[in-house]
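What follows is one structure encoded as structure tokens, with my remarks underneath.
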Amino acid sequence: MPSPITRLVVLQHVPLEGPVRIASVAERLGLKVEVVRLDQGQAVPKAPSGAALVVMGGPMGVADLGDARYPFLAAEVELLKQCLAEDRPVLGVCLGSQLLAHAAGAVVAPLACGEPASRHREVGWGAIHWLKDPAEEPVLSGMERAELVLHWHGDTFQIPAKADHLAATLACPGQMFRVGRCYGLQFHVEADEATVRQWVEADADFIRAATGPDGARRILADTARFMPVHRPRGDRLIGNILRSVMAGGCPG
């Protein structure tokens, strides 16, 4: 019999990209949350027993594999390969989704769009479209056919072979996928208002490159406008994913 899932093991890469609302939803579901601070020198753990693995975001990427500044990335990819092979539950967010896609054999590269294609960064609030009917897909239960979500990335992934492609935007088709009991989310459901304010302050150059000189002000204004609606929907999506992986237990 699979071991019941009683906790989340969260891999965190930078101080400002913790689990935030993922942790809050998990705790409401009775799960213990354990955060491994890779940026503070903690080691990538072995495949956890009785736990779902959550891999958070960060400014580094798959292209940085082998970079001495990020020695944990290669070990994370090996852990994710093991989780995929053993059908262990994973939730990857932003960088975490890219590492999961890479571990599943998909290409991860800088985002480009248009004809001819040019470099693009998806930053701020924008519409996401579900590629399955929320009325028929349990993990999307309670969602509208399109939702506003927070984006903050410059890389993207192709959808891994044999994966369910669950969400896309016009600029970036790779937004959400599922392989077995592993989920990759390119967008951010974990951030709250305080998180967004911290990101805007810390990531000013990235925002300016993506959205122009007025981008930071727009993101803060949009957050005040959209977060009250998004927050319960984002929490619903997090809860749907966690309940889905909890239902299957975890290999011992």
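Values in this text are rule-based calculations from the coordinates and carry no lab data. Please read all numbers here as calculations on a predicted model, not as lab measurements. Neighbour counts run over all protein chains shown; Cβ positions are idealised from the backbone, glycine included.
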Q | Flag if residue 167 is within 26 Å of residue 221 (Cβ to Cβ), touching a strand residue (DSSP E or B) at 6+ places or on another chain (Cβ under 7 Å), among the hydrophobic types (A, V, I, L, M, F, W, C) and surrounded by fewer than 16 Cβ atoms within 10 Å (Cβ to Cβ) | A | no
Q: Select from segment 111-143 the residues that are out of contact with any Lys or Arg (no Cβ under 8 Å at 6 or more places or on another chain), of a type outside the set (A, V, I, L, M) and without any contact (Cβ under 8 Å) to a residue 40 or more places away in the chain and list them in ascending order.
A: 114, 115, 116, 118, 119, 132, 136, 137
(Q) Could you check segment 37-48 and list, in sequence order, the residues that are surrounded by 12 or more Cβ atoms within 10 Å (Cβ to Cβ) and in contact with a helix residue (DSSP H, G or I) (Cβ under 9 Å, 6 or more places away or on another chain)? (A) 38, 39, 42, 44, 45, 47
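Among the residues of segment 85-107, what is the count of those that are of a type in the set (Val, Ile, Thr) and out of contact with any Gly (no Cβ under 7 Å at 6 or more places or on another chain)?
So the answer is 2.
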Q. Across segment 153-162, what is the number of residues that are hydrophobic (A, V, I, L, M, F, W, C) and buried (at least 20 other Cβ atoms within 10 Å of the Cβ)?
A. 2
**Q.** helices (runs of 4 or more DSSP H) enclosed by segment 192-252 - at least 3 residues per element that are under 20 Å from residue 18 (Cα atoms), among the aromatic types (Phe, Trp, Tyr) and touching an Asp or Glu at 6+ places or on another chain (Cβ under 6 Å)
**A.** none
(Q) Just the residues that are among the hydroxyl-bearing types (Ser, Thr, Tyr) and part of a loop (DSSP other than H, G, I, E, B), please, taken from segment 119-160. (A) 141
Q. Out of curiosity, is residue 15 under 19 Å from residue 187 (Cα atoms) and without any contact (Cβ under 8 Å) to a residue 40 or more places away in the chain?
A. yes
Q: Among the candidates 177, 157, 206, 226, single out the residue that is of a type in the set (Phe, Trp, Tyr) and over 21 Å from residue 96 (Cα atoms).
A: 226
Q | Members of segment 78-110 found to be within 27 Å of residue 206 (Cα to Cα), free of Cβ contacts under 8 Å to residues at least 60 places away in the same chain and crowded, with 17+ Cβ neighbours inside 10 Å, listed by number | A | 99, 102, 103, 106, 108
Q: At least 2 residues that are among the polar types (S, T, N, Q) in each: list the strands (runs of 3 or more DSSP E) lying fully within segment 1-111 that qualify.
A: none
Q: Kindly indicate whether any position in segment 208-230 is farther than 13 Å from residue 125 by Cα and touching a Phe, Trp or Tyr at 6+ places or on another chain (Cβ under 8 Å).
A: no
Q | Residue check, residue 216 surrounded by fewer than 16 Cβ atoms within 10 Å (Cβ to Cβ) and out of contact with any strand residue (DSSP E or B) (no Cβ under 7 Å at 6 or more places or on another chain) | A | no
Q.
Looking only at segment 64-77, how many residues end up being among the aliphatic types (A, V, I, L, M) and either buried (at least 19 other Cβ atoms within 10 Å of the Cβ) or touching a Cys at 6+ places or on another chain (Cβ under 6 Å) (or both)?
A. 1
Q: Mind listing whichever residues of segment 170-202 are buried (at least 18 other Cβ atoms within 10 Å of the Cβ) and of a type in the set (Asp, Glu)?
A: 190
Q: Find the residue count for segment 101-136, including only residues that are in contact with a Ser or Thr (Cβ under 9 Å, 6 or more places away or on another chain) and aromatic (Phe, Trp, Tyr).
A: 1
